[in-house]
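The values are calculated or read from the model by the stated rules, or taken from the named source; none is laboratory data. All figures in this text were calculated on a predicted structure; none of them were measured in a lab. Positions of Cβ are generated from backbone atoms using ideal geometry, with glycine treated the same way; all protein chains shown enter the neighbour counts. The protein model used for the area step is the full one, side chains on, heavy atoms only, and it has no ligands, DNA or RNA in it. Shrake-Rupley method; radii C 1.70, N 1.55, O 1.52, S 1.80 Å.
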Amino acid sequence: MLEVILCSLVTILPDYLFRRYRQGKRIGREITLFSVWYELRYGLTACLMLTLSLITIVFFYHPSSTSVTAYYRTVPIVPDTGGRVAEVYRTISDAVAAGDPIFRLDTTRQEAAAEVARNRIAETEAAMVVARSDADAAAGKVVEARAAAQQIEDDLRAKRALNRTGTAIVAPRDIEKLEVSLSAARGTVASAQSAQRSAQERLQTLLPAQRATAEASLRQAEIEIEKSTVRAGVSGRVEQFTLRKGDIVNPVLRSAGLLIPEDAGRQALQAGFGQIAAPVVKVGMVGEVACNTAPWRIIPVVVSGKQNYVAAGQIQGGQQLIEARNMQGDGTILAYLQPLYAGGIDGIVPGSQCIANVYSNHHEEIANPATPAARRVALHIVDALALVHAILLRIQVVVMPFKTLVLASH
C-alpha cells in the first residue's frame with residue numbers, strides 16, 4: 001500500500017491535475033467511476049508499472065524475512081549409567097551454576113563394591129606381613145642348609161686328605177657316603193634358595209600387584225559413587241524438571257530433564273531469507289530486527305555470517321532414490337545477525353519470533369570514479385529505496401501489538 005501511495009504521487013496525481021486544470025474535467029462530472037480508467041489511463045498504467053518495479057527493487061536489494069529467531073540448544077541432563085533416583089536437589093525451575101549437584105542415584109551396589117575393595121586391600125596388607133615373615137624364614141633355612149653342606153664338605157675334605165697319605169685309614173665306603181650326603185646338602189641349599197626367591201617375589205611383586213588391583217577397584221567404585229551425583233556442566237537453568245525420588249533414569253532411553261545454558265540464544269539471531277536473496281545478502285550488511293517479545297522496539301543488526309548451504313537440499317543415505325519433486329519447500333538462506341551495539345538483543349527472549357530487514361549499501365561503488373554515471377544514479381536510487389522498507393518495518397512494529405492482541409483470532 002505504501003508503495004502504491006508513493007508511486008501515485010508521481011503518476012496518478014499529475015495526470016489528474018492535468019485533466020482537472022488543463023482540460024477542465026471534474027470528478028463526478030467528466031471523471032466518474034465508469035470513466036476513471038479512460039480518463040486517467042496513463043497515470044494508472046504508469047502507477048502500476050512503477051509500483052511493481054519499486055516493490056521488486058525494494059524486496060530484492062533490501063531483503064526481508066519473517067523467519068527470524070534466536071535459536072538455542074538445550075543440554076540433556078543424563079547420568080553416565082542408569083539407576084534409581086535417591087535424592088533430588090533442584091525444583092521444577094531453578095538456576096544452577098557449573099558444578100552444582102542436580103540429583104543423585106542410588107549407590108548401594110557401588111558402596112558394597114568399594115567395601116569389598118577396601119577389605120581386599122587390608123587382606124593384601126596382612127598377606128604382605130606374613131610374606132615378609134616367610135621370606136625371613138626362607139633366608140634362615142638357606143643359611144642352615146649352607147652350614148650343613150659346608151660341614152659335610154669339610155668332613156669329606158679331611159678324610160680324603162687322610163687317605164692320600166697311603167695308610168687307607170678311612171674306608172672308601174665312608175667317603176662315598178659323604179659325597180652322596182654333600183650332593184644332597186647342595187640340593188637342599190638350592191631348594192632353600194629357590195624358596196627364598198619365591199618368598200621374595202611374592203613379597204615384592206605378587207602382593208604389591210594384588211594391592212594395586214584392589215586399590216584400582218576401590219578407586220573405580222569411588223568414581224562410580226561420585227558419578228552417581230549428576231552435576232550441571234554449564235551455568236544456566238533447569239526447566240520443567242519433574243524428576244522425583246524413586247524415578248528410573250537411563251542415559252539412552254530416558255533423560256532426567258533439560259538444562260538451558262545461561263548464554264543460550266543471547267549472542268545472535270538467525271534469519272532465513274528466500275533463495276533469490278542469496279546473491280544480495282552478504283557479510284557486513286546492516287539491518288534491523290523487531291521481535292514480538294520486545295514490542296515497539298527496533299534493533300540495529302549486522303550480518304556476521306552466511307550459511308552457504310540450503311538445508312532443504314540435504315539427503316540421507318537410504319534404500320530408495322531421492323525424488324526431486326518431493327522436496328518439501330523451497331528452503332532458505334540462513335544468515336547470522338549480530339547486534340550492532342553491545343547489549344542490543346538484551347530483553348529478547350531466546351526463541352522469539354522476529355522480523356528482519358537487511359539493507360544493501362553501494363557507497364564504495366558509487367564513490368568509485370570508474371563507475372559510469374548512469375550506474376551511479378541507479379545505485380543511488382536503489383540505496384535510497386531502503387527508506388521505503390525501513391518505513392514499512394516501522395509500520396509493522398507499530399501495528400504488531402494490535403494485530404497480535406486484537407485482530408488475531410483466538
Selected residue (criterion: least open to solvent (accessible area, probe 1.4 Å)) from residues of segment 367-410 that are of a type in the set (Ser, Thr, Tyr) and over 38 Å from the mean Cα position of the chain (by Cα): Thr371
Selected residue (criterion: surrounded by the most Cβ atoms within 10 Å (Cβ to Cβ)) from residues of segment 31-70 that are out of contact with any Ser or Thr (no Cβ under 9 Å at 6 or more places or on another chain) and of a type in the set (Ser, Thr, Tyr): Ser64
Residue check for Arg73: open to solvent by 60 Å² or more (accessible area, probe 1.4 Å), farther than 30 Å from Leu218 by Cα and at pLDDT 85 or above: yes
Given (1) closer than 20 Å to Arg219 by Cβ; (2) not in a loop (DSSP other than H, G, I, E, B), number of the condition Ala95 does not satisfy: (1)
Test: residue in segment 12-22 that is modelled with pLDDT of 75 or more, in a helix (DSSP H, G or I), in contact with a Phe, Trp or Tyr (Cβ under 7 Å, 6 or more places away or on another chain) and closer than 29 Å to Val388 by Cα: yes
Total residues in segment 318-332, condition farther than 16 Å from Val281 by Cβ and open to solvent by less than 90 Å² (accessible area, probe 1.4 Å): 3
Residue selected from segment 76-106 under the condition farther than 12 Å from Leu259 by Cβ and of a type in the set (Gly, Ala, Ser), by the criterion surrounded by the fewest Cβ atoms within 10 Å (Cβ to Cβ): Gly99
Evaluation of Gly343 against (1) over 25 Å from Ile395 (Cα atoms); (2) surrounded by fewer than 10 Cβ atoms within 10 Å (Cβ to Cβ) (one fails), failing number: (1)
Enumeration of residues in segment 262-282 that are open to solvent by 10 Å² or more (accessible area, probe 1.4 Å), assigned to a loop (DSSP other than H, G, I, E, B) and farther than 30 Å from Gly236 by Cα: Ala278, Pro279, Val280, Lys282
From Ala86, Ala117, residue being assigned to a helix (DSSP H, G or I) and either modelled with pLDDT of 85 or more or within 16 Å of Ala232 (Cβ to Cβ) (or both): Ala117
Complete set of residues in segment 202-241 that are surrounded by 16 or more Cβ atoms within 10 Å (Cβ to Cβ) and outside any helix (DSSP H, G or I): Ser228, Thr229, Val230, Arg231, Ala232, Gly236, Arg237, Val238, Phe241
